[in-house]
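Structure first, then comments.
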Amino acid sequence: MNKAINPVWLKSMSAKRELLRNMFAVFLAEEPARMDKIRSALKSGRTKELKFLAHSLKGSAATLNAERLKACCQRLENATKIEDIDQALVCFSDLETEIEAVYAVMLNYLENN
């Protein structure tokens, strides 16, 4: 089972199926744009903006119990705090991989619930 989103939390939300569907739909609609902004800020070396965007995404990940995604955001945020662009690039690569896993779980849920 893919654990990009905590499966225990998903099960606990079974009685709130419509709420969860809405949360996932909003995340899927909005987060690709935020990822584009993160990518742009990273390429331009805009560390303050990058820190803010990583922090915001971390909050969304926490709300959805996407713990690995949240951890990726934290590592990216930490790299921006010390303005380590090389480390931020590594963190962003991990972030991209993890957010794709989260998207996959969400899309699967929306297709089957």
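The values are calculated or read from the model by the stated rules, or taken from the named source; none is laboratory data. Keep in mind the model is a prediction, meaning the values are calculated, not measured. Note that each Cβ is placed from the backbone with ideal geometry, even for glycine, and that neighbours are counted across all protein chains shown.
Data overview
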quantity	calculated
Given (1) at pLDDT 95 or above; (2) within 22 Å of Leu10 (Cβ to Cβ), number of the condition Ala33 does not satisfy	(2)
From the options Leu42, Leu19, residue that is touching a residue at least 24 places away in the same chain (Cβ under 8 Å) and part of a helix (DSSP H, G or I)	Leu42
Residue that is nearest to Arg34 (Cα to Cα) [pool: residues in region 65-77 that are buried (at least 23 other Cβ atoms within 10 Å of the Cβ) and in contact (Cβ under 8 Å) with a residue 40 or more places away in the chain]	Leu69
Test: Thr97 is among the polar types (S, T, N, Q) and either at pLDDT below 95 or in contact with a strand residue (DSSP E or B) (Cβ under 8 Å, 6 or more places away or on another chain) (or both)	no
Meets criteria (in contact with a Pro (Cβ under 9 Å, 6 or more places away or on another chain) and either under 22 Å from Lys3 (Cα atoms) or at pLDDT 95 or above (or both)) for Tyr103	yes
Conditions (1) modelled with pLDDT under 95; (2) in contact with an Asp or Glu (Cβ under 9 Å, 6 or more places away or on another chain); number of the one not met by Cys72	(1)
Qualifying position, being part of a helix (DSSP H, G or I), surrounded by 12 or more Cβ atoms within 10 Å (Cβ to Cβ) and at pLDDT below 95, among Leu53, Leu10	Leu10
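The rows are residues; the columns are (1) within 13 Å of the chain's Cα centre (by Cα); (2) part of a helix (DSSP H, G or I); (3) buried (at least 16 other Cβ atoms within 10 Å of the Cβ).
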| site | (1), (2), (3) |
| --- | --- |
| Leu57 | yes, yes, yes |
| Ala79 | no, yes, yes |
| Glu83 | no, no, no |
| Met106 | yes, yes, yes |
